[in-house]
1. Kindly express, to the nearest 10 degrees and within the range 0 to 90, the angle between helix A:149-166's C-alpha long axis and the longest C-alpha principal axis of chain A.
2. How big is the gap, in Å, between the Cα center of the stretch B:30-82 and the Cα center of the stretch A:170-195?
3. Taking the alpha-carbon centroid of each part, what is the distance from the stretch B:194-208 to the stretch A:17-50 in angstrom?
4. Find the Cα radius of gyration of the stretch A:38-121, compare it with 2.2 N^0.38 Å by division, and give the number to two decimals.
5. Counting other beta carbons within 10 Å of each residue's own, what order do A:73, A:79, A:191, B:45 fall into, fewest first?
6. Can you give the FRET efficiency to the nearest 0.05 for residue A:61 and residue B:9, using r as the Cβ-Cβ distance and R₀ = 35 Å?
7. Calculate the translational D of the stretch B:57-101 in whole µm² s⁻¹ from Stokes-Einstein, where the hydrodynamic radius comes from the Kirkwood formula applied to all Cα pairs, the temperature is 4 °C and the viscosity 1.567 mPa s.
8. In whole Å, how far is the Cα centre of the stretch A:206-284 from that of the stretch B:10-27?
């Protein structure tokens, strides 16, 4: 077998880095469907998976791809799919199945400009609210936003870790800009990568309750074929996994699905800051727009504007507390994203009128020029 | 013992979640019989039941997964087959049985069915065909006979139904059979054969739905069974193109296709996997 971790220095695209990150995380099943600009992830997995004892399958559509990775995960194999806007829309129902049945897996959305077929070859960040609320019903989700190929490598490993720990599908919301960007990327030695795996049940198999949370609020997970005889359903269920059609059971199950995330925000939320300590103006950004924002901070500082950057590495769950705290320190927020205001709405909500919250964004098709951010800062100053 | 009175032992108790009985199926429904045959076949086939999984979609038949005391997955509407495909490919040691209805497998899930058959994924698919959407109260399905009345075709169904065995055969299934719930011995034997046949196996099971379909089509519960007795003809090896399903002219039953063909995994291992890496899919 060939090594699962391509240790060394590479000139690598974001899409390939994502695939390599998945392999390093222990992903051994990929089901997908070709779509620009995510196709290269599937192509790379098709080449690499059989070499490392894994299996690749090209499904008939994205609905089937999402279903297949859930099935693979239930059989005990770490699994992933990758897509872009139209395919992401098709995955929404089975994403909900993964959330309801607490099935770990990773879904990558290399965003392109929408709605509909939109601009297939040009990037955007317009699916961020879909990532949060795209499947029906009330739930919590974890979403990561990489800003370079190197970042995509490591955050894909993080995505698998979080999905295994908290038992849910984790979304990587990257974009065409990063997916197709070639940069220097380093894959560490395999022994330096410590990956997480789902908690396994202990004790008598016939008494095992597959949805009874353990001490940390997460239920141990039995895989198919391990002799536990579990039942798993997308219907509202109790801790035995049995359907219960009552408002009480619904309240209990949804509370569990949301609280396992809400009670662990400190362990899940990841942010980075740049020159934020003494900043009067806080830029909030994520993904490819972080790069424009970094340049804008330096340029603004040169012009005497005290700007700083808060980068959201995880976008969901949203760092509400952090934005609230910042809103007591800064004079204004500027959210930078390639859409007409999605995460901007969250920043506005958490700033709660204490300070103005502005948006620098457009409908997609290109990155945000740093000048536009500097100009917005100048107008605020 | 069940909380519902003095219920006596059932020969399938060891394979049933008896704490979930009574089930949701109506009096006169045929799904229970198809389900029993499937469970009996699982036992008689000698397959490792700890490595056997049932996957269902949504609908009356889709509830099957909830009553079997094995690993069982009740998925989304129409998606049992792609879910089962992921499961089988991730762990080829599993025996994966899809038990679901005609609406689930052939309308919303039709595309997945033909692709899984084309790939010859090693699954056993048991489809209970009751000619309509029972759970939602009796709407027209892709299997509803032409001119039949349903809640959405009150003056008669203007569409023609699929010939399911022909569809399965054309798509590439390795095993294709059709029986009714009246032919329980043949049906049980067919499921047993399907479980042991490598590749994509498909069994259509005709079943009465007196509550939703029968009462709108002049079929009282026993009438449908009488038709299953009187109008059926068993023709093993019949070309799937000639298989009939017509309550007036006749219903063809039998085993139509039973042939070995390389499975998806056989082809994948041979074509894509270097001999040095046959240690596939490390489980977590």
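Just so you know, all these numbers are worked out from the coordinates, no wet-lab data involved. Since the model is a prediction, treat every value here as computed from it, not as a measurement. Note that each Cβ is placed from the backbone with ideal geometry, even for glycine, and that neighbours are counted across all protein chains shown.
1. Tilt relative to chain A: about 40 degrees.
2. 40 Å
3. 33 Å
4. That ratio works out to 1.10.
5. Neighbour counts put them in this order, fewest first: A:191, B:45, A:73, A:79.
6. Once the sixth-power term is evaluated, E becomes 0.15.
7. It diffuses with D of about 122 µm²/s by this estimate.
8. Comparing the Cα centres of the stretch A:206-284 and the stretch B:10-27, I get a distance of 30 Å.
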